[in-house]
1. If each residue of separation counts as 0.36 nm, what is the full-extension length gain between residue 19 and residue 176 once their alpha-carbon separation is subtracted?
2. How much length, in nm to one decimal, is gained on full extension between residue 213 and residue 354, taken as 0.36 nm per residue of separation minus their Cα-Cα distance?
3. Run the simple label-point estimate for residue 286 and residue 43 please: 7 Å along Cα→C-beta, distance reported in nm.
4. When every alpha-carbon pair in segment 248-314 is counted, what percent end up more than 20 Å apart?
5. Would you compute, from DSSP H runs of 4+ residues alone, the mean residue ellipticity of the chain at 222 nm, taking -39500 (n - 2.57) per run and dividing by the full residue count, rounded to the nearest 500?
6. Would you mind getting me the FRET efficiency between residue 111 and residue 361? Use the beta-carbon distance for r and R0 = 56 Å, nearest 0.05.
7. Given the C-alpha atoms of segment 1-79, compute the convex hull and give its volume per residue in Å³.
8. Going out from 0 in 10 Å bins, what whole percent of all Cα-Cα distances in segment 162-232 drops into each bin?
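Taken together, the values in this text are just the output of simple stated rules run on the coordinates, not laboratory data. In this text, all values refer to a predicted model and were calculated from it rather than measured experimentally. FYI the Cβ positions are ideal-geometry reconstructions off the backbone, even for glycines, and counts take in every protein chain you see.
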């Protein structure tokens, strides 16, 4: 994910922080420091936020480790100011599995609450029984308990991208088509987001507006992604690959890539080994080319700027599998290689999107004119 950095790897799963999360921690620290309460108080405030987000990380590992039990890998866990996101490589095969994976996160928070109760309840009962009741929300264990309770309640709201939205979608998918179930759940999520937004406007709370935007965008993206994946089901990669393309060699200068880019023919180029007959070693993307040019040298070999984690596709591969690998690697293009090692074509995200739009238009035409087929 762009603008994020890996800070750890636990159980084989990368843990990343987004730039906005780092800025959020810095903002908390500076705000506390300039409030006149000293460095120690500022460090304590930042530390409290980090402890809260440690609970968020444990929540996401609940999802990830439960998903692993059903053979679903987790690409990474990324922390944002509003929470964490565990990116699964695919949707579980059965609705019941998705329900268990979704509920595993809040279940972790419930365990944390149960562990804190023996610490908090005796102190809380003593303070509340005093002549002047005291509510110890500034006390760290009580604050942590409160936050975990809120995490459970917030995540069980039936709206994407929260866990409750995924449980709702899975329950619908046990009776409806998966795409239709997602559309209904996403619509409910968007409605809840609008209510959050309205509440934020009426009460003048920017955080509610931010949450509303987050929920609305998450619901929209989930619906679009599931609809796109459904279009690819059973489609061979050859249906989406482009056959008119140019290649580069690893020892070509970057100026050669610039010439091809300016011809307007394509934006991403398969890169072959330096010797004739060598298989592809990766992809030179437009963004990587521009980044290399910004360093001021056009005589560098193409191989220095080549992205080598994109892999290749085989003509018999299914498009949905190749698309999933492209999402996981962040590569905008993948070469399609035949049994003899020669490049037969390229699959690009742009072409995949165009195929999805074409097939969706054809399906809409079939719905409007049953029995007549596309025109």
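1. Extra length from residue 19 to residue 176 when fully extended: 52.6 nm.
2. Values: separation 141, 0.36 × 141 = 50.76 nm, distance 2.75 nm.
Extra length available between residue 213 and residue 354 comes to 48.0 nm.
3. 4.9
4. Numbers: 453 of 2211 pairs.
For segment 248-314, the fraction of Cα-Cα distances above 20 Å is 20 percent.
5. Values: 11 runs with 208 residues, N = 375.
That comes out to -19000 deg cm²/dmol.
6. Values: r = 49 Å, r/R0 = 0.87.
It comes to 0.70.
7. Working: hull volume 6.1 nm³, N = 79.
Spread over its residues, the Cα hull of segment 1-79 gives 77 Å³ apiece.
8. With a bin width of 10 Å, the distribution comes to 22, 45, 24, 9, 1.
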